Amino acid sequence: MFESTIVRAKVCKDETNVACEIPVLLTADGPLMVLVEYLVVHSTIRSPSWMKKVVLAVRLFLEYQYVHPAYSDERALFESFSRALDLGTTFAAASTLDDVEQLFWKARAPDDSNRIIVNLSDFFDWYSKEGRKKFNPAKSTFISAYDKRLSEAAYTYFRNKAFLGHTWSSAQEASLRSEEEGEPYRRKAPSTELSQARGFPEHLILELIFKGFKVGNRYNYRDMLIVILMNGAGFRISEVLHLYLWDVTEDPISPGCALILIHHPELGRSPNDPKWVDLSGRPKKGNRATYLAERFGLTPRTRELGKSGSGWKGGSHEKLYGDYYKQAYWFIPEFGKLFWEIWQLYIRQVMRIPPEQRNHPYAFMNLVRGEVGSIYKKSKFETSYQRAVESIGLTCSFDAGTNVHSNRHGYGQRLAKAEMSPEHIRIFMHHSDIESQRVYTQADFKECRRLLQRASDKLNGMTEQDPASFVRITSSDIEKFRNANGA
């Protein structure tokens, strides 16, 4: 049995002691150093979630390789591994679910298995071009037995890449040929219509804010503010968690309304923090990654692998007030006034926490539970949000349109219903591509049924004038059939 575990580790790249945090695959023979090097090289350009997926892909491959130590055909390992991802390892004896390999893998969705193949292909390509210079199994004596296995597999992949191209090409540049031509074939997920995700019910959003986040006589101002940012300005929860205290000001153009700029967590401009100064006492300037490191000894939340981490989707940024931020475009505008009203109350709570207990710049923090003043985590909010939704008699789910992300969908659909132009919706929702908002304007199931009924009524009117033109089924036709069959 292949024994391994995934741990978080900080790795120093050089003598400067600048560290990056990465997931490390730890085997019985030690850490997988070839993989460590690969992740370190890509740590500044790829996300923590990508790293986790790469480690999982490598772990699965090594598990499969462990129970198949030798193949007469060099390509067989890769092809059978791909097949095992697609079909699972119990497909050969589906009636008994007996797995002679003791892997017990379930069949994966096509997109999932393809992603694993792509991540492995990219890794093997990198090793063939760069990794062999440092981790050559024939010359290195300090790498583990599993490093050697993986290195040899990468070399085998490189030699057979031309034959495995359609199945294992990470770029997937070549189009898939038909099975009749005898070429390898990648399983594709069935194509589907783009369906509209449900937004949070419009008539219940204020009830959620004012009643859902009230326990007894106490309001949860922090979580009320987060919901307003998502439902009233269309932000994702991952973006909201990057907000600094300095990022919220009163709008000079609209007094009594909040002006909010959520800056890029790494490249955004640092705030005017009077405590961030150089040796001569002059205020320092830089991006947010530098500010976090020098002022608080923190890394951006986009680089955190633990529960304090928070992603950043990308999309379109603005630069009018500084480098790389996303502005809150309130719709309806009264959301901005409500946010500013609640923000004043929330800040009073924050000011009661001693500065040494909130050693970070983030706006949202723990106030009463856990480590008071510490960074507020996504999982904590999700738990609080679910309780709030259930307290007003709803079930928290994607299908019901009541989960956390449903608030962003509600914002986009509100813009669409108000007949905003696609270009304006793109700007307000910070999309780079105008096609990205199609999910908010796509006709949902109920609307499709209304359109079909309206068209049917129109045809019925035309049929009365020309009965031979269109098919028409009436209630009496169905009743005659029912009577004829004794129903």
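The values are calculated or read from the model by the stated rules, or taken from the named source; none is laboratory data. Just so we're clear, the structure is a prediction, and the values are computed from it rather than from any experiment. Here Cβ is always computed from backbone atoms with ideal geometry, including for glycine, and neighbour counts include all displayed protein chains. Note: areas computed on protein heavy atoms with side chains; ligands, DNA, RNA excluded. Shrake-Rupley method; radii C 1.70, N 1.55, O 1.52, S 1.80 Å.
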Seminar exercise, completed: Reported set for segment 283-302 where residues are in a loop (DSSP other than H, G, I, E, B) and within 20 Å of S238 (Cα to Cα) is L298, T299, P300
For this session: Could you tell me which numbered condition S195 fails, if it satisfies all but one of (1) of a type outside the set (F, W, Y); (2) out of contact with any helix residue (DSSP H, G or I) (no Cβ under 9 Å at 6 or more places or on another chain); (3) at pLDDT below 85?
Result: (2)
For this session: Test R177 against the criterion of being at pLDDT below 80, open to solvent by 60 Å² or more (accessible area, probe 1.4 Å) and in a loop (DSSP other than H, G, I, E, B), and give yes or no.
Result: yes
For this session: Look through S238, S254, S280 and report the one residue that is out of contact with any Asp or Glu (no Cβ under 8 Å at 6 or more places or on another chain), hydroxyl-bearing (S, T, Y) and assigned to a helix (DSSP H, G or I).
Result: S238
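Quickly run through segment 267-287 and pick out the residues that are touching a residue at least 40 places away in the same chain (Cβ under 8 Å) and of a type outside the set (A, V, I, L, M, F, W, C). Before you say what the answer is, go through the steps one by one.
Of all residues in segment 267-287, those touching a residue at least 40 places away in the same chain (Cβ under 8 Å) come to 267-269, 271, 273.
Scanning segment 267-287 gives G268, R269, P271, D273.
Could you tell me which residue of segment 303-333 is nearest to K10 (Cα to Cα), considering only residues that are outside any loop (DSSP other than H, G, I, E, B) and at pLDDT 95 or above? Steps first, answer last, please.
Keep residues of segment 303-333 that are outside any loop (DSSP other than H, G, I, E, B), which gives 303, 318, 325-327.
Still in the list and also at pLDDT 95 or above: 325-327.
On the way: Y325: 29, K326: 31, Q327: 34 Å.
For segment 303-333, the residue satisfying everything is Y325.
I'd like the full set of residues that are of a type outside the set (G, A, S) and over 20 Å from Q344 (Cβ atoms), limited to segment 232-267. Spell out how you get there, then give the answer.
Taking segment 232-267 first, the residues of a type outside the set (G, A, S) are 235-237, 239-253, 255, 257, 259-267.
Residues satisfying the conditions are F235, R236, I237, E239, L241, H242, H263, H264, P265, E266, L267.
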Problem set entry | Within segment 74-111, tally of residues that are open to solvent by 30 Å² or more (accessible area, probe 1.4 Å) and either at pLDDT 90 or above or in contact with a Gly (Cβ under 6 Å, 6 or more places away or on another chain) (or both) | 2
Seminar exercise, completed: Per the list (1) part of a helix (DSSP H, G or I); (2) at pLDDT below 85; (3) open to solvent by less than 80 Å² (accessible area, probe 1.4 Å), residue check on F163 breaks on (3)
Exercise. Pick from T299, T290: which is out of contact with any helix residue (DSSP H, G or I) (no Cβ under 9 Å at 6 or more places or on another chain), among the β-branched types (V, I, T) and either at pLDDT 95 or above or open to solvent by 40 Å² or more (accessible area, probe 1.4 Å) (or both)?
Worked result: T290
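Residue by residue through segment 257-269, note down the ones that are assigned to a loop (DSSP other than H, G, I, E, B) and under 26 Å from K337 (Cα atoms). So that I can check it myself, show each step before the final result.
So the first thing to find is which residues in segment 257-269 are assigned to a loop (DSSP other than H, G, I, E, B), and the list is 257, 264-268.
Listed by number, the residues that qualify are C257, H264, P265, G268.
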Exercise. For segment 367-410, what are the residues that are closer than 30 Å to E356 by Cβ, open to solvent by less than 40 Å² (accessible area, probe 1.4 Å) and part of a helix (DSSP H, G or I)?
Worked result: F381, S384, Y385
For this session: Among residues belonging to segment 1-49 that are basic (K, R) and part of a strand (DSSP E or B), point out the one that is modelled with the lowest pLDDT.
Result: K10
For this session: Examine segment 328-342 for a residue that is under 29 Å from W50 (Cβ atoms), open to solvent by less than 60 Å² (accessible area, probe 1.4 Å) and out of contact with any Lys or Arg (no Cβ under 8 Å at 6 or more places or on another chain), and state whether such a residue exists.
Result: yes
